[in-house]
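The values are calculated or read from the model by the stated rules, or taken from the named source; none is laboratory data. Bear in mind the structure is a predicted one, so any value in this text is a computation, not a measurement. Using ideal geometry, Cβ is built from the backbone for each residue, glycine included, and neighbour counts are taken over all protein chains shown.
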Amino acid sequence: MNLLYALSFIFWSFFGVLNYTDELKTFYRKQIEELLKKYDADRLLGTKTFTLELNNNGFLRYKRILASNKTEYYSVRIEKVQKLNYYGNEKSGWLSVVCEPSSVIFQSYKDPAGDVDSMANEINFPLKGISEEELNSLNKSFDFLRENSKYIP
């Protein structure tokens with residue numbers, strides 16, 4: 001009987017750890033989305049609208065529609081993200097999400113120069129007014145999600 005209790009305890013403890021990890025993943029996904037939306041500078045570059053999503057399947061998806069109605073779409077699995085680079089200062093700059101070679105799906109539609117369907121190595125987000133602390137927080141969030149991406153349901 002004691003063996004049954006011990007096995008039950010181990011099972012429920014493991015389930016609790018997975019549940020806690022899922023809660024952390026949800027927290028970090030929301031934090032990334034909120035920070036990138038809060039400090040977004042796309043409108044300053046002529047973007048009409050954009051959407052940003054980090055979903056439960058482990059994908060980062062970014063879509064923007066420019067003033068010319070050209071649509072750009074980027075998608076990458078979070079475990080393919082290698083590092084974040086920020087080029088700029090606290091007033092403005094670019095966050096470069098550097099990924100494994102050819103792991104980012106890039107598509108463009110309604111482009112006068114022709115539609116594109118290709119692979120890329122990075123996604124660049126224009127940002128304004130972001131602090132060093134918040135950049136470090138973004139980096140920590142990406143690191144956690146990348147390290148735990150194999151457990152995303």
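A few comments on the model shown:
- Residues satisfying the stated conditions in the range 68-86, i.e. among the aliphatic types (A, V, I, L, M) and over 21 Å from K38 (Cα atoms): V76, V81
- Residue that is farther than 20 Å from I123 by Cβ, modelled with pLDDT under 85 and polar (S, T, N, Q), where the choices are N69, N89, N56, N19: N19
- Positions within the range 64-90 being part of a strand (DSSP E or B), among the basic types (K, R) and over 11 Å from the mean Cα position of the chain (by Cα), in sequence order: R64, K83
- Against the list (1) surrounded by fewer than 18 Cβ atoms within 10 Å (Cβ to Cβ); (2) charged (D, E, K, R); (3) under 21 Å from K128 (Cα atoms), the condition R64 fails is (1).
- So K70, is it touching a Lys or Arg at 6+ places or on another chain (Cβ under 8 Å), of a type in the set (K, R) and surrounded by 12 or more Cβ atoms within 10 Å (Cβ to Cβ): yes
- Subset of the range 73-116 that is in contact with a Gly (Cβ under 7 Å, 6 or more places away or on another chain) and among the hydrophobic types (A, V, I, L, M, F, W, C) - its residue that is farthest from I130 (Cα to Cα): I78
- Failed condition for K25, given (1) more than 18 Å from V104 (Cβ to Cβ); (2) surrounded by 15 or more Cβ atoms within 10 Å (Cβ to Cβ); (3) out of contact with any Phe, Trp or Tyr (no Cβ under 8 Å at 6 or more places or on another chain); (4) of a type outside the set (D, E): (3)
- Single residue of the range 97-121 satisfying the filter (surrounded by 14 or more Cβ atoms within 10 Å (Cβ to Cβ) and in contact (Cβ under 8 Å) with a residue 40 or more places away in the chain) that is nearest to L84 (Cα to Cα): V97
- Number of the condition not met by S118 [criteria: (1) touching a strand residue (DSSP E or B) at 6+ places or on another chain (Cβ under 7 Å); (2) under 21 Å from K38 (Cα atoms); (3) not aromatic (F, W, Y)]: (2)
- Of the residues making up the range 31-63, those that are farther than 19 Å from V98 by Cα, among the charged types (D, E, K, R) and part of a strand (DSSP E or B) number 1.
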